[in-house]
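This report concerns only the one structure given below.
The values are calculated or read from the model by the stated rules, or taken from the named source; none is laboratory data. The model shown is predicted, which means the values in this text are computed figures rather than measured ones. Cβ sites come from the backbone with ideal geometry, for glycine too, and all protein chains shown count toward neighbours.
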Amino acid sequence: MANDSKNIGNVVERYSKALLELSIESESLSNVRVDIENIIKIIESSDDFNKVLKSPIISRSDQNSIINNILKKIPVSDNIIKFFSVICQNGRSAIIYRICSRFLEMEVKFKGEVRAELLSTNPQSEIELKKIEEIIKESLGTDVSLISKVDPSIIGGYILKIGSIMLDGSVKSKLQGLRVSMKGIK
C-alpha cells in the first residue's frame with residue numbers, strides 16, 4: 001500500500017513537472033497558473049465534479065468528454081484542455097487535484113516566491129489581499145504568492161499559513177483553547 005502511494009506521488013510529480021516545463025517553454029506560465037487556480041476552485045466547490053474525476057465506473061472517454069466540456073466553460077486554454085485529456089486517457093483523472101496543487105507549488109518555487117494561504121470566514125477583497133501580501137513581503141523580504149480561501153468552520157478571524165508556519169487567529173481555535181482551560185478548572 002505504501003508503495004502504491006509512492007508511485008502515485010511519482011506520477012503526480014511527473015505530470016506537474018511536465019505542465020510546468022510546457023508552460024515555461026510556451027511562455028504562458030502566468031496564464032497557466034490562473035487556469036490551474038480556476039480548476040482547483042471548481043474541484044473544491046463541486047462534489048459532482050469530484051465524483052466524475054474519481055469514479056471508476058465512468059469510462060475514460062466519458063470522463064475525458066465531461067472534463068473537457070467543464071474546462072471549456074471555465075474557460076481555460078486549449079493547451080490545458082489537451083494536457084488534462086492526456087491525463088484522462090491515461091486513467092489518471094482521480095489525481096488531477098493533486099497534480100494542480102503540486103504544479104502551483106512548483107511554479108512558486110520556480111519563481112522564487114513563498115506561498116501563503118489565508119483562511120477566513122468571508123471572501124477578502126483584492127485590496128485587502130494586496131495589503132496582506134505586501135505586509136508578508138516586507139516581513140519576509142521575498143515575493144509572496146497569496147491564496148485566499150473561505151472556511152466558515154473557523155467561525156471568525158483568520159488562519160494564515162506561510163510555508164510551515166501557521167498563525168491562527170480564528171475564533172474556533174480560541175474556543176478550543178478556552179474549552180481545554182475550562183476542563184483544567186474542575
Review point. Restricting attention to the stretch 150-180, and to residues there that are outside any helix (DSSP H, G or I) and without any contact (Cβ under 8 Å) to a residue 24 or more places away in the chain, which single residue is farthest from ARG115 (Cα to Cα)?
Key: GLY169
Exercise for review: Please indicate, with yes or no, whether at least one residue in the stretch 2-22 is hydroxyl-bearing (Ser, Thr, Tyr), more than 25 Å from SER145 (Cβ to Cβ) and at pLDDT below 95.
Suggested key: yes
Exercise for review: Evaluate the stretch 19-31: report whether one residue or more is out of contact with any Lys or Arg (no Cβ under 8 Å at 6 or more places or on another chain) and either basic (Lys, Arg) or assigned by TED's automatic domain parsing to the domain that holds VAL150 (or both).
Suggested key: no
